[in-house]
Amino acid sequence: MRVIGVTGGVGSGKSFVLNYIEEHFDARVVKADDVGHLLMMPGQVCYEPVIQLFGDWVVNEDGSLNRETIAQIVFEKKDMLEKLNKIIHPAVKKYIIREIERSKKEETEFFFIEAALLLEDNYDEIYDELWYIYCEKEVRMERLRRDRGYSEEKARKVMENQLSEDEFEAKCDFLLYNDEDVAHTYLQIERRMRTYYESM
Ligand SMILES: CC(C)(COP(=O)(O)OP(=O)(O)OC[C@H]1O[C@@H](n2cnc3c(N)ncnc32)[C@H](O)[C@@H]1O)[C@@H](O)C(=O)NCCC(=O)NCCS
Ligand SMILES: Nc1ncnc2c1ncn2[C@@H]1O[C@H](COP(=O)(O)OP(=O)(O)OP(=O)(O)O)[C@@H](O)[C@H]1O
């Protein structure tokens, strides 16, 4: 099984690329953001530690954590983001390693891990190669506004806490340009995937 990391800044199109891959190839896709959300749910391993970090006021009436409130705090205060990362990241990595083992047993051909923070968290121990989804900042801002209702300020705050384009590019094995139309993106995916099948 080939394990591929997919990274890139907020709104660069990682999920968009992986949705296509999931539909068209024998691939298991795990998104670190989704795993993080799952592990913060009531009864899950990160739930209580997060409440201890921020206090009861980040708990919604139904017992879930208010991620919007948490986002407002951590993307303003770096030390709080670091503390939150220390709770979430090891648990997410452990979960992903378990999922990789499971997919190996099921003889899945490809395992994709999506995260904005693969480089910071030493995921290179886990993946065989890294894709970087590139999309220029202005296009990302516009897509995030259009599709997620992010204000320019919110998008900028998240970007400030992520690696620069140069840092991403320096570490990746494959760079996919996602700032044009969808056909252009799909073509690059198809071409890359074909190289794997040809070398099998
Ligand atoms: C701050 C939280 C609660 C906000 O949740 P929310 O659902 O509003 O946003 P979401 O998770 O979809 O993230 C929004 C964007 O911020 C990026 N982002 C999330 N966490 C971080 C971080 N620690 N550093 C930099 N960028 C981040 C995401 O990749 C995404 O592009 C959540 O992102 C979180 O718990 N983050 C800290 C843990 C973490 O790093 N999770 C991501 C993978 S392990
Ligand atoms: N080539 C494209 N053309 C048009 N819209 C696109 C394209 N690629 C992505 N989008 C849209 O841009 C938005 C951001 O993309 P996506 O959610 O895939 O980014 P992401 O990198 O996964 O973000 P995050 O870091 O927050 O997880 C989505 O609404 C998506 O549908």
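Identify, by number, the condition in (1) under 12 Å from the mean Cα position of the chain (by Cα); (2) modelled with pLDDT under 95 that Thr7 doesn't meet.
Result: Thr7 fails condition (2) only.
I need every pair where a residue in segment 161-185 that is among the acidic types (Asp, Glu) has its Cβ under 6 Å from the Cβ of a residue that is not in a strand (DSSP E or B), sequence separation at least 6 or different chains.
Asp179/Cys135; Asp179/Glu136; Asp179/Val139
Restricting attention to segment 22-55, which residues are surrounded by 19 or more Cβ atoms within 10 Å (Cβ to Cβ), in a helix (DSSP H, G or I) and touching a residue at least 60 places away in the same chain (Cβ under 8 Å)?
Ala32, Val35
For segment 155-191, which residues satisfy the criterion of being within 21 Å of Lys78 (Cα to Cα), of a type outside the set (Val, Ile, Thr) and within 11 Å of ligand 2 (Cβ to nearest atom)?
Ala155, Met159, Gln162 - these are the residues of segment 155-191 that are within 21 Å of Lys78 (Cα to Cα), of a type outside the set (Val, Ile, Thr) and within 11 Å of ligand 2 (Cβ to nearest atom).
The rows are residues; the columns are (1) more than 16 Å from ligand 2 (Cβ to nearest atom); (2) closer than 30 Å to Phe25 by Cβ; (3) of a type in the set (Ser, Thr, Tyr).
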| residue | (1), (2), (3) |
| --- | --- |
| Lys78 | yes, no, no |
| Glu114 | no, yes, no |
| Asn122 | yes, yes, no |
| Glu129 | yes, yes, no |
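Give me a count of the residues in segment 72-107 that are aromatic (Phe, Trp, Tyr) and under 22 Å from Asp124 (Cα atoms).
Matching residues across segment 72-107 total 1.
Against the definition (near ligand 2 (Cβ under 9 Å from one of its atoms) and not in a helix (DSSP H, G or I)), how does Gly11 come out, yes or no?
Taking the combined requirement at face value, the residue satisfies it.
Where residues in segment 72-110 are more than 10 Å from ligand 1 (Cβ to nearest atom) and touching an Asp or Glu at 6+ places or on another chain (Cβ under 8 Å), which of them is nearest to Phe168 (Cα to Cα)?
Selected residue: Phe110.
The values are calculated or read from the model by the stated rules, or taken from the named source; none is laboratory data. None of the values given here were measured: they were computed from a predicted structure. A quick note on method: Cβ atoms are made from the backbone with ideal geometry, for glycine too, and the neighbour counts reach across all protein chains shown.
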